[in-house]
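The values are calculated or read from the model by the stated rules, or taken from the named source; none is laboratory data. Quick caveat, the model's predicted, so the values are computed rather than measured. Cβ placement follows ideal geometry from the backbone for every residue including glycine, while neighbour counts extend to all protein chains displayed.
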């Protein structure tokens with residue numbers, strides 16, 4: 001492939017490791033795999049696979065920037081970057097400067113980030129010690145319902161009855177879902193209720209944050225159309241989702257050097 | 001379970017907790033001693049911390065202070081009055097997670113971690129002796145503290161309540177508080193069996209004034225970013241663990257050797273909110289890791305250790321008590337007061353010394369939690385960057401906190417993304433962004 005130097009972003013998250021190769025304009029390659037011990041080796045393998053798929057040589061790599069909880073676990077990184085700044089940089093660039101609010105649903109985080117007109121982080125909110133509304137929540141429900149996450153969006157669309165999932169605690173939600181199943185409630189209705197519950201959590205976190213401007217949802221769960229609709233319904237506004245929302249943070253890291261985005265040398 | 005079995009279980013639990021507490025303390029002390037900015041002058045304070053936080057801390061403090069102890073919670077009881085009566089004011093505190101776990105079983109889930117930790121640490125001593133306590137009626141946790149202590153098997157304590165008027169600007173409140181001070185004097189005199197003399201009170205005022213002056217010099221250095229918050233908090237935390245005069249002398253000896261480090265690259269922040277107590281220095285550690293330098297605080301275990309210098313015109317005993325009453329009531333910025341606008345003004349007034357505010361909320365510490373919203377709103381109107389962090393004494397949320405602090409650090413002035421070009425903003429460029437246009441066409445995605 002004929003490209004000059006490429007930037008690589010490695011997002012070492014709590015549930016998945018995402019790698020993006022970019023020419024600074026677009027995602028040339030995005031790969032991800034589940035987080036497991038030996039994150040340095042996993043990151044190395046993802047990068048090698050990505051470069052190979054694009055027929056690129058290691059010498060063509062301009063810089064590697066890591067982000068996410070494991071950002072300091074990859075010793076070959078040129079730069080480290082916090083995932084909130086990476087998220088802001090990635091979405092702002094990919095939305096062509098349109099994004100002003102980002103809702104990010106990660107493996108164990110839920111974040112709301114507001115940007116100024118220059119794409120700089122104005123403010124943000126993030127959940128603390130609670131997995132409600134995060135990717136873990138979805139994984140748990142997926143296991144309980146024995147249903148792949150990829151089917152959640154379509155199934156929620158088939159929901160015929162309103163069910164309340166009142167709990168905002170993952171642990172209690174588990175027992176609540178088991179009791180709903182025992183009562184014969186359809187899994188479509190439970191999934192719909194789950195989406196509504198997460199949407200309420202998002203709305204609570206948005207709080208008094210002004211959100212008249214373009215809102216972008218990213219992170220793995222953003223691929224779930226049912227969840228997007230539930231959040232739109234709760235916030236009473238449109239929600240934008242870019243292609244490959246799970247790679248936006250890694251993309252933001254990958255363009256870090258180009259943007260002079262806030263980074264630290266490891 | 002038989003009484004004997006229960007007793008044996010309790011002994012094992014206490015031993016186990018003692019080991020964990022010692023480990024927490026040792027880890028924080030080791031971290032402090034291994035720092036690049038360590039100076040020999042910090043040893044006095046490190047030593048106080050090391051000795052003052054084992055289960056027998058009260059014996060150690062009594063020995064170091066050379067006076068009988070009066071136990072305190074909060075910062076509204078005038079230290080000078082207690083000292084003038086011949087006692088050492090021993091403000092009880094603990095940031096130990098292990099100690100908190102010891103008492104957690106008998107307490108509400110959402111309780112102030114500081115109270116949980118203190119109640120746990122108090123159990124370590126057995127609590128079988130009657131101790132004199134002075135408790136101001138500040139927050140609900142403090143008001144219920146004696147009740148909770150009793151539930152954990154403490155002996156009947158000799159309590160003296162200070163009924164704290166919560167509207168400090170009201171004249172009636174100020175009168176009531178003065179009455180409380182007079183009653184406190186009576187309590188102390190009854191306890192000691194002697195009158196508090198004018199000279200003793202003047203001497204005690206001088207002792208604490210000198211301590212305050214030394215602390216003020218330390219605060220000035222900190223304003224310039226010349227002292228890390230870890231050392232600052234160690235020094236303020238250890239004030240009650242020994243003789244006030246010795247603490248002041250050690251600080252006066254240390255001051256000329258400072259600064260110990262200068263890092264102008266760090267962004268400066270003002271630390272507000274719930275107190276931070278040894279050995280839980282999680283937040284100071286994370287702040288440093290995120291490249292943030294604390295140049296000021298308004299926490300009651302930090303700069304608000306003293307309410308300020310006491311000034312008086314009337315040097316009679318009553319005149320001095322009146323001056324103390326005014327200083328400890330009007331000068332206090334505790335969030336349990338209903339009229340606390342001075343706290344926001346205090347932060348705003350120091351804005352030139354920092355780039356943003358980090359507000360620390362101990363989960364369950366309701367007054368600070370509630371006040372954080374008012375302060376956030378007030379400061380944001382002034383264009384001051386603000387972040388609120390809710391946490392407790394556990395370490396499991398460190399990574400989450402660090403992520404937030406790092407991102408917050410980058411939102412502060414002199415940092416941030418390069419302004420995008422007109423093309424990046426979508427101005428003067430008719431072609432849409434390549435990714436939006438081309439989608440995933442030429443890339444591969446293996447998820």
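Tabulated data for the structure shown
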{"item": "Within the range B:295-322, tally of residues that are in contact with a helix residue (DSSP H, G or I) (Cβ under 8 Å, 6 or more places away or on another chain) and part of a loop (DSSP other than H, G, I, E, B)", "result": "14"}
{"item": "Members of the range B:108-127 that are surrounded by fewer than 20 Cβ atoms within 10 Å (Cβ to Cβ) and farther than 22 Å from residue B:188 by Cα", "result": "B:108, B:109, B:110, B:125, B:126"}
{"item": "Of all residues making up the range A:135-150, the number that are part of a loop (DSSP other than H, G, I, E, B) and within 20 Å of the chain's Cα centre (by Cα)", "result": "1"}
{"item": "Elements of type helices (runs of 4 or more DSSP H) in the range A:220-261, at least 2 residues being within 11 Å of chain B (Cβ to nearest Cβ)", "result": "A:248-254, A:256-259"}
{"item": "Looking only at the range A:24-42, and only at residues there that are over 21 Å from residue A:104 (Cβ atoms) and more than 9 Å from chain B (Cβ to nearest Cβ), the one that is surrounded by the most Cβ atoms within 10 Å (Cβ to Cβ)", "result": "A:42"}
{"item": "Residue under evaluation residue A:88, criteria (1) under 25 Å from residue A:204 (Cα atoms); (2) modelled with pLDDT under 95; (3) in contact with a strand residue (DSSP E or B) (Cβ under 7 Å, 6 or more places away or on another chain), criterion not met", "result": "(2)"}
{"item": "Counted residues, the range A:75-91 - those being facing another protein chain (nearest Cβ under 7 Å) and either out of contact with any helix residue (DSSP H, G or I) (no Cβ under 7 Å at 6 or more places or on another chain) or part of a helix (DSSP H, G or I) (or both)", "result": "4"}
{"item": "Among residues of the range B:1-18, those that are touching a helix residue (DSSP H, G or I) at 6+ places or on another chain (Cβ under 8 Å) and either surrounded by 14 or more Cβ atoms within 10 Å (Cβ to Cβ) or assigned to a helix (DSSP H, G or I) (or both), counted", "result": "4"}
{"item": "Residue list for the range B:323-360, restricted to those being in a strand (DSSP E or B) and crowded, with 22+ Cβ neighbours inside 10 Å", "result": "B:357, B:358, B:359, B:360"}
{"item": "Criterion (assigned to a strand (DSSP E or B) and at pLDDT below 95) met by exactly one of B:268, B:222", "result": "B:268"}
{"item": "Near pairs, Cβ below 6 angstrom, 6+ apart or cross-chain, from the range B:269-296 (on the phi > 0 side of the Ramachandran plot) to any residue that is buried (at least 23 other Cβ atoms within 10 Å of the Cβ) and part of a helix (DSSP H, G or I)", "result": "B:273/B:368; B:291/B:409"}
{"item": "In the range A:99-121, the residues that are within 11 Å of chain B (Cβ to nearest Cβ), touching a strand residue (DSSP E or B) at 6+ places or on another chain (Cβ under 8 Å), more than 13 Å from residue A:202 (Cβ to Cβ) and surrounded by 18 or more Cβ atoms within 10 Å (Cβ to Cβ)", "result": "A:114, A:115, A:121"}
{"item": "Qualifying residue in the range B:156-163 (condition: under 19 Å from residue B:320 (Cα atoms) and modelled with pLDDT of 95 or more)", "result": "yes"}
{"item": "Verdict on residue A:131 being outside any helix (DSSP H, G or I), modelled with pLDDT of 90 or more and more than 9 Å from every other protein chain (Cβ to nearest Cβ)", "result": "no"}
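Conditions (1) closer than 24 Å to residue B:24 by Cα; (2) surrounded by 22 or more Cβ atoms within 10 Å (Cβ to Cβ), marked per residue:
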position	(1), (2)
B:255	no, no
B:258	no, no
B:268	no, no
B:290	yes, yes
B:301	yes, no
B:305	yes, no
B:315	no, no
B:319	no, no
